[in-house]
Amino acid sequence: IVMPAVFFTIAAFLLNVVLGRLVAAQREQIASLRALGFPKQLILRHYFKFVTAIALLGVGLGVVMGRWLAILVIQSYRAFFRFPVLEAQFDGWIFLVALTLALASANGAAALAVLRIARIALAEAMRPQPPAASRFATRLSLLAGRRVRARHLMALRTVLGRPVRTLLTILGIALSVPLVLFGLFWFDAIAYMLDTTFERIERGDAFLSFTAPVSRRAVFELGSTPGVLLAEGQRVVPARLVSGHRSYLTSVTGLDEPSDLKVMREADLTPITVPPEGVMLTRRLAERLGLKIGDLVTIEVLEGKRPVREVEVVKTSEDLVGLAATMNLKALNRILGDGDVINAAALKIDPAEARSTWRAIGEIPKVEANSSKSLWLDLFNQSIAGMIIVGAAVLAGFGLLITFGVVYNSARVALQERAWELASLRILGFTRHEVTLLLLSELAIEVVLAIPLGLLIGKYLIELIASLRESETFQIPAVIEPSSYATTALVVLAAAAASAYVVHRRIATLDLVSTLKTRD
């Protein structure tokens, strides 16, 4: 829901910017048509038909691409979820919603630009527009005294002379930056989640569960297995946590203190010691139950004798995956009344002896199940990583298209508006390279200002989406590495350079004689 809304908003804004500049460039033709008797409504309908045609073409292309992308995403889901039937379905109402939103966005964007036509004063519109930034002439002349090149002054004159247009162009380019950044952000977020969960919190290589609670002596037996560097016992029991009218079904994990293979963390990833008494909840679980430190929570154990106890919340921890509660192993066993026992264990295994160690673990009779962290990560990389790459590529591709479109259309309309000036400069002796730099310098200023703004918008948009996407299963951290910011800036600059090159080719083929005659 969020991302399509972002796409439609950006598309509507960009269409408004481009159409606004097109109307400004065609002001003399519009005034001439009205002076010749063409009704205002007929001209307005022309522009609405124009954007409607664009929207219809976009919907047609979008339906084809959307169907292909949907099938691709569903195929990547199959490897992970393993549903017996999972097919991409395309109902008619989806097409109608897409068509309606596209037409509404396009015509809504056109409305603001078309209103300018209704306000055009014929006598004034039929005259050439006055030079931009005349009120900045004094300041620019002072800059000229500081040995600033003439072409830079001319670029500044245009940029400062039409501040609204400049700000809209900057904002249009800036809105393409978050899409590229959002695609790269997924790699940073997933890397952070894996590092936090599997390197900082769950530090073991193997995790065992027993058929029934066993004596803690089993930890020493596991530790003596060849290839096991460290073994720690745990007690994991299913339980319902109740606070007033709120309840949540989860598990309570009992840990030894100190625990080296499962280390709970603060939000800044500093280690937390397991309290000797009371219970420690993850932050999101405490918020769900409406609890804070010092409150009492009822723990209804769902195995064995099913005791019910009230326990004080003494700490909260940060956990990106799941909602769980943690207690000191001795305190948990005291509540359960089962003595000094465990029903799970975490192991640190020597990689050089992993094969023989796993064979020995498989022969232990009371081990009900075992899992390997490396296998978890391999499964993740084979299934989820593919979805992330596809999504990141799609978002980055949209960002590149938007950047290219905004910069190219801005340069193209600017060329249309200033073709007579550029042709005059060529006649006066300016080289083709100098004339090109004059026009592209204006775009360079706008792109350089737009990139930091776009990165800032992207940062806040990612934080918003991350907060909306928080669920019981996992939390997406709003983590963006400096390399992602740098890559996004370079990608946007590359797209802007590509569009600038296309405009440069058009300037190179500019017919000077016909351009000057057109102005007359």
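The values are calculated or read from the model by the stated rules, or taken from the named source; none is laboratory data. Everything numeric here is computed off the predicted structure, so don't read it as measured data. We work out accessible area using only protein heavy atoms, side chains counted, and drop any ligands, DNA or RNA first. Shrake-Rupley method; radii C 1.70, N 1.55, O 1.52, S 1.80 Å.
Specify which labelled value, from [x] 53, 24, 19; [y] 46, 34, 16; [z] 65, 25, 22, agrees with semi-axes √(5λ) of the Cα gyration tensor in Å derived from the coordinates of the model shown. Recomputing semi-axes √(5λ) of the Cα gyration tensor in Å here gives the entry labelled [z]. Distance between the C-alpha centres of segment 226-252 and segment 421-469: 55 Å, rounded to the whole angstrom.
With every protein chain kept in place and ligands, DNA and RNA left out, what is the accessible area per residue of segment 307-425? Probe 1.4 Å, answer in Å². Can you show the working numbers first?
Values: 5470 Å² over 119 residues.
That works out to 46 Å² for each residue.
Taking the Cα centre of each part, how many Å lie between segment 20-74 and segment 304-344? Segment 20-74 and segment 304-344 have Cα centres separated by 64 Å. Specify whether the C-alpha gyration tensor of segment 189-335 places it in the rounded, prolate or oblate class, a ≥ b ≥ c being the square roots of the eigenvalues: rounded for a/c under 1.5, otherwise prolate if a/b is larger than b/c and oblate if not. Taking the square roots of the gyration eigenvalues as a ≥ b ≥ c, segment 189-335 is oblate.
Candidate cross-link partners of Lys49 among the lysines, defined by an alpha-carbon separation under 18 Å and a same-chain spacing of 8 or more, comprise Lys40.
A 23 angstrom limit on the alpha carbon distance is what I want to check against. Which of Lys292/Lys459; Lys292/Lys373; Lys262/Lys348; Lys262/Lys315; Lys315/Lys366; Lys305/Lys373 exceed it? Walk me through the numbers before you get to the answer.
Details: Lys292/Lys459 30 Å; Lys292/Lys373 33 Å; Lys262/Lys348 11 Å; Lys262/Lys315 16 Å; Lys315/Lys366 34 Å; Lys305/Lys373 32 Å.
Correct reply: Lys292/Lys459; Lys292/Lys373; Lys315/Lys366; Lys305/Lys373.
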